[in-house]
Ligand SMILES: Cc1ncc(COP(=O)(O)O)c(C=O)c1O
(Lines give C-alpha, C1' and ligand atoms only; values in the text may rest on other atoms or scores of the structure.)
Protein backbone atom coordinates (compact mmCIF):
# COMPACT_ATOMS: atom_id res chain seq x y z
CA UNK A 1 0.00 0.00 0.00
CA UNK A 2 1.37 3.43 -0.97
CA UNK A 3 2.19 5.40 2.20
CA UNK A 4 0.13 8.38 0.97
CA UNK A 5 -3.15 6.42 1.05
CA UNK A 6 -3.59 5.89 4.80
CA UNK A 7 -5.87 8.44 6.42
CA UNK A 8 -4.92 9.30 9.99
CA UNK A 9 -8.53 9.64 11.15
CA UNK A 10 -11.31 7.71 9.45
CA UNK A 11 -13.90 8.20 12.16
CA UNK A 12 -15.86 10.68 9.99
CA UNK A 13 -15.12 9.03 6.64
CA UNK A 14 -18.32 7.33 5.52
CA UNK A 15 -17.97 4.28 3.35
CA UNK A 16 -17.88 3.23 0.62
CA UNK A 17 -16.16 6.32 -0.77
CA UNK A 18 -13.60 7.11 -3.41
CA UNK A 19 -10.65 9.18 -2.19
CA UNK A 20 -8.44 11.11 -4.62
CA UNK A 21 -4.88 12.21 -3.78
CA UNK A 22 -4.02 15.40 -5.74
CA UNK A 23 -0.31 15.04 -5.02
CA UNK A 24 -0.31 11.68 -6.81
CA UNK A 25 -2.47 13.08 -9.63
CA UNK A 26 0.08 15.89 -10.11
CA UNK A 27 2.86 13.30 -10.18
CA UNK A 28 1.06 11.27 -12.86
CA UNK A 29 0.52 14.44 -14.88
CA UNK A 30 4.18 15.43 -14.56
CA UNK A 31 5.22 11.93 -15.66
CA UNK A 32 2.95 11.92 -18.72
CA UNK A 33 4.23 15.37 -19.76
CA UNK A 34 7.82 14.18 -19.33
CA UNK A 35 7.30 11.00 -21.37
CA UNK A 36 5.42 12.88 -24.10
CA UNK A 37 8.27 15.37 -24.41
CA UNK A 38 6.08 18.31 -23.37
CA UNK A 39 2.42 19.22 -22.83
CA UNK A 40 1.98 20.17 -26.50
CA UNK A 41 2.07 16.50 -27.57
CA UNK A 42 -0.78 15.55 -25.24
CA UNK A 43 -4.56 15.43 -25.59
CA UNK A 44 -5.62 13.59 -22.40
CA UNK A 45 -9.07 12.02 -22.16
CA UNK A 46 -11.37 13.48 -19.48
CA UNK A 47 -13.62 10.41 -19.24
CA UNK A 48 -11.45 9.02 -16.45
CA UNK A 49 -11.84 11.88 -13.95
CA UNK A 50 -14.88 13.89 -15.12
CA UNK A 51 -13.93 16.64 -12.66
CA UNK A 52 -13.24 20.36 -13.07
CA UNK A 53 -10.40 20.19 -10.56
CA UNK A 54 -8.39 17.61 -12.48
CA UNK A 55 -9.10 19.41 -15.75
CA UNK A 56 -7.56 22.49 -14.09
CA UNK A 57 -4.52 20.51 -12.87
CA UNK A 58 -3.91 19.51 -16.48
CA UNK A 59 -4.38 23.08 -17.71
CA UNK A 60 -1.97 24.29 -15.02
CA UNK A 61 0.58 21.79 -16.36
CA UNK A 62 0.33 23.50 -19.76
CA UNK A 63 -1.99 20.98 -21.43
CA UNK A 64 -4.19 22.94 -23.84
CA UNK A 65 -5.62 20.11 -25.97
CA UNK A 66 -8.20 17.82 -24.41
CA UNK A 67 -10.33 14.87 -25.39
CA UNK A 68 -13.64 13.60 -24.06
CA UNK A 69 -16.47 11.24 -24.96
CA UNK A 70 -19.62 13.11 -23.94
CA UNK A 71 -21.08 16.55 -24.41
CA UNK A 72 -21.22 17.02 -20.63
CA UNK A 73 -17.46 16.31 -20.42
CA UNK A 74 -16.89 18.78 -23.28
CA UNK A 75 -18.86 21.46 -21.44
CA UNK A 76 -16.94 20.74 -18.23
CA UNK A 77 -13.62 21.11 -20.05
CA UNK A 78 -14.67 24.30 -21.83
CA UNK A 79 -16.03 25.85 -18.64
CA UNK A 80 -12.72 25.01 -16.91
CA UNK A 81 -10.96 27.04 -19.63
CA UNK A 82 -9.73 24.36 -22.05
CA UNK A 83 -8.92 26.07 -25.38
CA UNK A 84 -9.22 22.94 -27.55
CA UNK A 85 -11.67 20.08 -26.97
CA UNK A 86 -12.14 17.00 -29.16
CA UNK A 87 -15.36 15.12 -28.49
CA UNK A 88 -13.95 11.74 -29.50
CA UNK A 89 -17.29 10.29 -30.34
CA UNK A 90 -19.53 10.16 -33.42
CA UNK A 91 -22.22 12.82 -32.99
CA UNK A 92 -25.72 11.86 -34.11
CA UNK A 93 -29.34 12.87 -33.50
CA UNK A 94 -30.07 15.84 -31.21
CA UNK A 95 -26.48 15.80 -29.94
CA UNK A 96 -25.54 17.61 -33.18
CA UNK A 97 -27.48 20.65 -31.99
CA UNK A 98 -25.84 20.41 -28.57
CA UNK A 99 -22.37 20.51 -30.13
CA UNK A 100 -23.32 23.58 -32.14
CA UNK A 101 -24.65 25.16 -28.95
CA UNK A 102 -21.29 24.48 -27.25
CA UNK A 103 -19.53 26.27 -30.12
CA UNK A 104 -21.85 29.25 -29.64
CA UNK A 105 -21.63 29.32 -25.83
CA UNK A 106 -17.85 28.89 -25.49
CA UNK A 107 -16.16 31.08 -28.11
CA UNK A 108 -12.80 30.66 -26.33
CA UNK A 109 -12.78 26.91 -27.07
CA UNK A 110 -12.23 25.20 -30.42
CA UNK A 111 -14.45 22.13 -30.55
CA UNK A 112 -14.11 19.14 -32.82
CA UNK A 113 -15.90 15.80 -33.11
CA UNK A 114 -15.28 12.46 -34.79
CA UNK A 115 -16.66 11.50 -38.18
CA UNK A 116 -16.72 8.02 -39.70
CA UNK A 117 -19.76 7.99 -42.03
CA UNK A 118 -20.90 10.27 -44.90
CA UNK A 119 -24.57 10.42 -43.80
CA UNK A 120 -23.74 11.56 -40.26
CA UNK A 121 -21.11 13.97 -41.62
CA UNK A 122 -23.62 15.61 -43.99
CA UNK A 123 -26.18 15.89 -41.18
CA UNK A 124 -23.60 17.54 -38.92
CA UNK A 125 -22.69 19.97 -41.69
CA UNK A 126 -26.36 20.91 -42.17
CA UNK A 127 -26.87 21.54 -38.44
CA UNK A 128 -23.68 23.61 -38.12
CA UNK A 129 -24.22 25.59 -41.33
CA UNK A 130 -27.86 26.36 -40.43
CA UNK A 131 -26.62 27.90 -37.16
CA UNK A 132 -23.78 29.76 -38.91
CA UNK A 133 -21.29 27.77 -36.79
CA UNK A 134 -18.14 25.84 -37.61
CA UNK A 135 -17.25 22.50 -36.00
CA UNK A 136 -13.88 20.79 -36.35
CA UNK A 137 -14.00 17.21 -37.60
CA UNK A 138 -11.46 14.46 -36.99
CA UNK A 139 -11.64 11.36 -39.18
CA UNK A 140 -11.92 8.29 -36.93
CA UNK A 141 -9.76 5.56 -38.48
CA UNK A 142 -10.50 1.97 -37.49
CA UNK A 143 -7.04 0.55 -36.92
CA UNK A 144 -8.20 -2.80 -35.54
CA UNK A 145 -10.56 -2.36 -32.62
CA UNK A 146 -13.64 -2.47 -34.90
CA UNK A 147 -15.69 -0.36 -32.50
CA UNK A 148 -16.10 2.87 -34.48
CA UNK A 149 -14.20 4.39 -37.34
CA UNK A 150 -13.67 3.80 -41.02
CA UNK A 151 -11.10 1.38 -42.43
CA UNK A 152 -7.85 2.93 -43.66
CA UNK A 153 -8.35 3.09 -47.41
CA UNK A 154 -9.97 4.98 -50.31
CA UNK A 155 -13.37 5.44 -48.61
CA UNK A 156 -11.63 7.13 -45.67
CA UNK A 157 -9.87 9.56 -48.05
CA UNK A 158 -13.22 10.29 -49.76
CA UNK A 159 -14.93 10.99 -46.44
CA UNK A 160 -12.18 13.43 -45.42
CA UNK A 161 -12.47 15.17 -48.80
CA UNK A 162 -16.26 15.34 -48.39
CA UNK A 163 -15.91 16.94 -44.95
CA UNK A 164 -13.46 19.48 -46.39
CA UNK A 165 -15.99 20.74 -48.91
CA UNK A 166 -19.12 20.70 -46.75
CA UNK A 167 -20.12 24.00 -45.11
CA UNK A 168 -19.80 24.33 -41.34
CA UNK A 169 -17.06 21.72 -41.00
CA UNK A 170 -13.31 22.18 -40.50
CA UNK A 171 -11.19 19.07 -41.13
CA UNK A 172 -8.59 18.73 -38.39
CA UNK A 173 -6.88 15.38 -38.87
CA UNK A 174 -7.21 11.72 -37.99
CA UNK A 175 -7.90 9.77 -34.80
CA UNK A 176 -5.92 6.55 -34.49
CA UNK A 177 -7.26 4.84 -31.35
CA UNK A 178 -6.00 1.30 -30.73
CA UNK A 179 -8.11 0.13 -27.78
CA UNK A 180 -7.47 -3.49 -28.86
CA UNK A 181 -3.71 -3.09 -28.43
CA UNK A 182 -3.56 -4.38 -24.84
CA UNK A 183 -0.70 -6.90 -25.00
CA UNK A 184 1.12 -7.14 -21.67
CA UNK A 185 4.50 -6.95 -23.33
CA UNK A 186 5.59 -3.50 -24.43
CA UNK A 187 7.38 -4.86 -27.54
CA UNK A 188 4.14 -6.56 -28.67
CA UNK A 189 2.19 -3.30 -28.26
CA UNK A 190 4.86 -1.50 -30.26
CA UNK A 191 4.62 -4.13 -33.02
CA UNK A 192 0.83 -3.66 -32.97
CA UNK A 193 1.24 0.10 -33.51
CA UNK A 194 3.86 -0.36 -36.23
CA UNK A 195 1.51 -2.70 -38.10
CA UNK A 196 -1.15 -0.02 -38.67
CA UNK A 197 1.02 3.09 -38.65
CA UNK A 198 2.48 2.77 -42.14
CA UNK A 199 -0.92 2.58 -43.92
CA UNK A 200 -2.19 5.50 -41.79
CA UNK A 201 0.80 7.66 -42.77
CA UNK A 202 0.36 6.64 -46.43
CA UNK A 203 -3.30 7.73 -46.25
CA UNK A 204 -2.23 11.02 -44.71
CA UNK A 205 0.29 11.66 -47.53
CA UNK A 206 -2.34 10.82 -50.14
CA UNK A 207 -4.90 13.17 -48.62
CA UNK A 208 -2.33 15.96 -48.23
CA UNK A 209 -1.31 15.49 -51.88
CA UNK A 210 -4.93 16.36 -52.73
CA UNK A 211 -4.45 19.67 -50.92
CA UNK A 212 -6.25 18.67 -47.71
CA UNK A 213 -4.16 19.28 -44.59
CA UNK A 214 -4.06 16.62 -41.85
CA UNK A 215 -2.56 18.66 -39.01
CA UNK A 216 -2.98 16.09 -36.25
CA UNK A 217 -2.98 12.37 -35.53
CA UNK A 218 -4.74 11.81 -32.20
CA UNK A 219 -3.26 8.54 -30.98
CA UNK A 220 -4.04 5.82 -28.51
CA UNK A 221 -4.88 5.46 -24.84
CA UNK A 222 -2.70 4.65 -21.84
CA UNK A 223 -1.32 1.20 -22.85
CA UNK A 224 0.13 2.39 -26.16
CA UNK A 225 1.02 5.85 -24.83
CA UNK A 226 4.72 5.00 -24.28
CA UNK A 227 4.88 3.81 -27.91
CA UNK A 228 3.20 6.86 -29.47
CA UNK A 229 5.13 9.19 -27.14
CA UNK A 230 8.35 7.86 -28.67
CA UNK A 231 7.29 8.35 -32.31
CA UNK A 232 8.93 10.99 -34.43
CA UNK A 233 5.86 11.78 -36.52
CA UNK A 234 4.57 15.29 -37.24
CA UNK A 235 1.34 16.22 -35.45
CA UNK A 236 1.12 13.22 -33.10
CA UNK A 237 -1.06 13.96 -30.08
CA UNK A 238 -1.17 11.26 -27.39
CA UNK A 239 -4.57 10.79 -25.78
CA UNK A 240 -4.27 8.62 -22.68
CA UNK A 241 -6.97 8.99 -20.04
CA UNK A 242 -6.59 6.38 -17.33
CA UNK A 243 -3.01 7.39 -16.40
CA UNK A 244 -4.25 10.42 -14.46
CA UNK A 245 -5.81 8.28 -11.72
CA UNK A 246 -4.36 4.97 -12.87
CA UNK A 247 -5.75 1.69 -11.51
CA UNK A 248 -5.05 -1.88 -10.49
CA UNK A 249 -6.10 -3.15 -13.93
CA UNK A 250 -3.46 -1.32 -15.97
CA UNK A 251 -0.98 -1.28 -13.07
CA UNK A 252 -1.14 -5.06 -12.74
CA UNK A 253 -0.82 -5.73 -16.44
CA UNK A 254 1.60 -3.24 -17.99
CA UNK A 255 5.03 -3.26 -16.31
CA UNK A 256 6.20 -0.34 -18.49
CA UNK A 257 3.58 1.93 -16.88
CA UNK A 258 5.34 1.61 -13.51
CA UNK A 259 5.95 5.38 -13.45
CA UNK A 260 2.24 5.97 -12.82
CA UNK A 261 0.72 5.57 -9.34
CA UNK A 262 -2.93 4.83 -8.59
CA UNK A 263 -4.29 8.13 -7.25
CA UNK A 264 -7.87 7.09 -6.42
CA UNK A 265 -8.51 4.63 -3.60
CA UNK A 266 -11.74 3.18 -2.26
CA UNK A 267 -12.27 3.31 1.47
CA UNK A 268 -14.52 0.43 2.43
CA UNK A 269 -15.52 -1.28 5.69
CA UNK A 270 -16.14 -4.78 6.82
CA UNK A 271 -19.89 -5.02 7.34
CA UNK A 272 -20.18 -8.72 8.15
CA UNK A 273 -18.24 -11.93 8.73
CA UNK A 274 -21.00 -14.35 7.80
CA UNK A 275 -18.97 -17.58 8.02
CA UNK A 276 -15.65 -18.56 9.56
CA UNK A 277 -13.86 -17.98 6.25
CA UNK A 278 -15.75 -15.05 4.72
CA UNK A 279 -15.48 -11.29 5.03
CA UNK A 280 -18.09 -9.00 3.47
CA UNK A 281 -17.25 -5.40 2.60
CA UNK A 282 -19.55 -2.48 1.72
CA UNK A 283 -18.04 -2.36 -1.76
CA UNK A 284 -20.81 -3.43 -4.08
CA UNK A 285 -21.21 -2.95 -7.80
CA UNK A 286 -22.68 0.50 -7.08
CA UNK A 287 -19.33 1.60 -5.60
CA UNK A 288 -16.77 -0.14 -7.80
CA UNK A 289 -17.13 -0.90 -11.49
CA UNK A 290 -18.04 -4.47 -12.32
CA UNK A 291 -16.69 -4.62 -15.86
CA UNK A 292 -13.44 -6.48 -15.09
CA UNK A 293 -13.95 -10.18 -14.25
CA UNK A 294 -14.55 -10.81 -10.52
CA UNK A 295 -10.96 -11.86 -9.83
CA UNK A 296 -9.61 -8.55 -11.23
CA UNK A 297 -12.40 -6.21 -10.15
CA UNK A 298 -10.92 -4.99 -6.88
CA UNK A 299 -7.45 -5.07 -5.35
CA UNK A 300 -7.68 -5.08 -1.56
CA UNK A 301 -4.62 -3.41 -0.06
CA UNK A 302 -2.89 -4.75 3.05
CA UNK A 303 -5.39 -7.60 3.16
CA UNK A 304 -4.50 -11.25 3.72
CA UNK A 305 -4.57 -13.73 0.88
CA UNK A 306 -8.14 -14.16 -0.29
CA UNK A 307 -10.44 -15.13 -3.11
CA UNK A 308 -13.39 -12.97 -4.21
CA UNK A 309 -16.51 -15.11 -4.12
CA UNK A 310 -19.40 -12.74 -4.69
CA UNK A 311 -20.31 -9.20 -5.71
CA UNK A 312 -23.77 -7.71 -5.29
CA UNK A 313 -25.09 -4.17 -5.47
CA UNK A 314 -23.81 -3.23 -2.00
CA UNK A 315 -21.66 -6.22 -0.98
CA UNK A 316 -18.24 -7.57 -1.94
CA UNK A 317 -17.59 -10.98 -0.43
CA UNK A 318 -14.19 -12.61 -0.11
CA UNK A 319 -13.02 -15.94 1.27
CA UNK A 320 -9.91 -15.91 3.41
CA UNK A 321 -8.41 -18.26 5.98
CA UNK A 322 -7.76 -15.16 8.09
CA UNK A 323 -11.35 -13.95 8.27
CA UNK A 324 -11.12 -14.18 12.06
CA UNK A 325 -8.80 -11.15 12.07
CA UNK A 326 -11.69 -8.92 10.97
CA UNK A 327 -14.56 -7.33 12.88
CA UNK A 328 -17.45 -5.37 11.39
CA UNK A 329 -16.39 -1.73 11.18
CA UNK A 330 -12.76 -2.41 10.21
CA UNK A 331 -11.53 -0.19 7.38
CA UNK A 332 -10.01 -1.73 4.25
CA UNK A 333 -8.41 0.27 1.45
CA UNK A 334 -8.94 -0.97 -2.10
CA UNK A 335 -7.91 -0.09 -5.65
CA UNK A 336 -10.50 -0.33 -8.41
CA UNK A 337 -9.64 -2.70 -11.25
CA UNK A 338 -11.11 -0.15 -13.67
CA UNK A 339 -11.07 3.38 -12.33
CA UNK A 340 -12.97 5.27 -15.08
CA UNK A 341 -16.41 3.65 -14.62
CA UNK A 342 -15.75 3.52 -10.85
CA UNK A 343 -15.40 7.31 -10.74
CA UNK A 344 -18.68 7.61 -12.64
CA UNK A 345 -20.45 5.70 -9.84
CA UNK A 346 -19.62 8.48 -7.35
CA UNK A 347 -21.37 11.85 -7.28
CA UNK A 348 -18.35 13.28 -5.49
CA UNK A 349 -14.94 12.12 -4.32
CA UNK A 350 -13.09 12.96 -1.12
CA UNK A 351 -9.77 14.75 -1.53
CA UNK A 352 -6.90 13.78 0.77
CA UNK A 353 -3.59 15.50 1.42
CA UNK A 354 -1.01 14.72 4.08
CA UNK A 355 -3.09 11.83 5.41
CA UNK A 356 -6.17 14.00 5.97
CA UNK A 357 -9.40 14.60 4.10
CA UNK A 358 -9.24 18.23 2.99
CA UNK A 359 -12.22 18.56 0.69
CA UNK A 360 -14.59 17.10 -1.87
CA UNK A 361 -14.70 17.32 -5.65
CA UNK A 362 -17.89 16.92 -7.62
CA UNK A 363 -17.71 14.34 -10.40
CA UNK A 364 -19.59 16.95 -12.38
CA UNK A 365 -19.55 15.32 -15.83
CA UNK A 366 -21.00 12.13 -14.39
CA UNK A 367 -24.29 13.74 -15.38
CA UNK A 368 -25.24 13.30 -19.02
CA UNK A 369 -26.16 16.97 -19.31
CA UNK A 370 -24.74 20.05 -17.54
CA UNK A 371 -26.41 23.08 -19.10
CA UNK A 372 -26.15 22.41 -22.85
C1 LIG B 1 -11.15 7.21 -28.19
C2 LIG B 1 -10.39 7.02 -26.92
N3 LIG B 1 -9.25 7.69 -26.74
C4 LIG B 1 -8.52 7.57 -25.61
C5 LIG B 1 -8.93 6.74 -24.59
C6 LIG B 1 -8.10 6.64 -23.33
O7 LIG B 1 -7.67 5.33 -23.12
P8 LIG B 1 -7.14 4.80 -21.71
O9 LIG B 1 -8.32 4.61 -20.85
O10 LIG B 1 -6.47 3.52 -22.06
O11 LIG B 1 -6.21 5.80 -21.18
C12 LIG B 1 -10.12 6.00 -24.74
C13 LIG B 1 -10.58 5.08 -23.70
O14 LIG B 1 -11.67 4.61 -23.64
C15 LIG B 1 -10.87 6.15 -25.93
O16 LIG B 1 -12.02 5.48 -26.14
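Below, the figures for the structure above:
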item: Positions within the range 348-372 being part of a strand (DSSP E or B) and touching a strand residue (DSSP E or B) at 6+ places or on another chain (Cβ under 7 Å), in sequence order; result: 348, 349, 350, 351, 352, 357, 358, 359, 360, 361, 362
item: Test: residue 164 is away from the ligand (no atom under 16 Å from the Cβ) and touching a strand residue (DSSP E or B) at 6+ places or on another chain (Cβ under 6 Å); result: yes
item: Per-region count, the range 70-98, residues buried (at least 24 other Cβ atoms within 10 Å of the Cβ), under 24 Å from residue 141 (Cα atoms) and without any contact (Cβ under 8 Å) to a residue 60 or more places away in the chain; result: 3
item: Out of 120, 88, sole residue that is at pLDDT 95 or above, over 22 Å from the mean Cα position of the chain (by Cα) and either within 16 Å of the ligand (Cβ to nearest atom) or over 15 Å from residue 172 (Cβ atoms) (or both); result: 120
item: Only one of 316, 333 that is touching a residue at least 24 places away in the same chain (Cβ under 8 Å) and under 19 Å from residue 21 (Cβ atoms); result: 333
item: Residue match in the range 256-273 (condition: touching a residue at least 60 places away in the same chain (Cβ under 8 Å), within 12 Å of the ligand (Cβ to nearest atom), farther than 24 Å from residue 139 by Cβ and exposed (fewer than 15 other Cβ atoms within 10 Å of the Cβ)); result: no
item: Test: residue in the range 116-123 that is outside any helix (DSSP H, G or I) and over 23 Å from residue 193 (Cα atoms); result: yes
item: Test: residue in the range 239-250 that is in the same structural domain as residue 174 (by TED's automatic domain parsing), out of contact with any helix residue (DSSP H, G or I) (no Cβ under 8 Å at 6 or more places or on another chain), surrounded by 21 or more Cβ atoms within 10 Å (Cβ to Cβ) and closer than 30 Å to residue 190 by Cβ; result: yes
item: Looking only at the range 196-223, and only at residues there that are outside any helix (DSSP H, G or I) and farther than 26 Å from residue 68 by Cβ, the one that is farthest from the ligand (Cβ to nearest atom); result: 211
item: Meets criteria (surrounded by fewer than 16 Cβ atoms within 10 Å (Cβ to Cβ) and more than 25 Å from the chain's Cα centre (by Cα)) for residue 151; result: no
item: Every residue from the range 175-195 that is out of contact with any helix residue (DSSP H, G or I) (no Cβ under 9 Å at 6 or more places or on another chain) and either within 15 Å of the ligand (Cβ to nearest atom) or assigned to a strand (DSSP E or B) (or both); result: 175, 177, 179
item: Count - residues of the range 202-222 that are free of Cβ contacts under 8 Å to residues at least 40 places away in the same chain and either surrounded by 15 or more Cβ atoms within 10 Å (Cβ to Cβ) or outside the structural domain of residue 138 (by TED's automatic domain parsing) (or both); result: 2
item: The range 224-238 - residue that is buried (at least 24 other Cβ atoms within 10 Å of the Cβ) and not in a strand (DSSP E or B) and, of those, farthest from the ligand (Cβ to nearest atom); result: 228
item: Qualifying residue in the range 151-161 (condition: part of a helix (DSSP H, G or I), modelled with pLDDT of 95 or more, within 16 Å of the ligand (Cβ to nearest atom) and closer than 30 Å to residue 123 by Cα); result: no
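The values are calculated or read from the model by the stated rules, or taken from the named source; none is laboratory data. What you are looking at is a predicted structure, and each value in this text was computed from that prediction instead of being measured. Cβ sites come from the backbone with ideal geometry, for glycine too, and all protein chains shown count toward neighbours.
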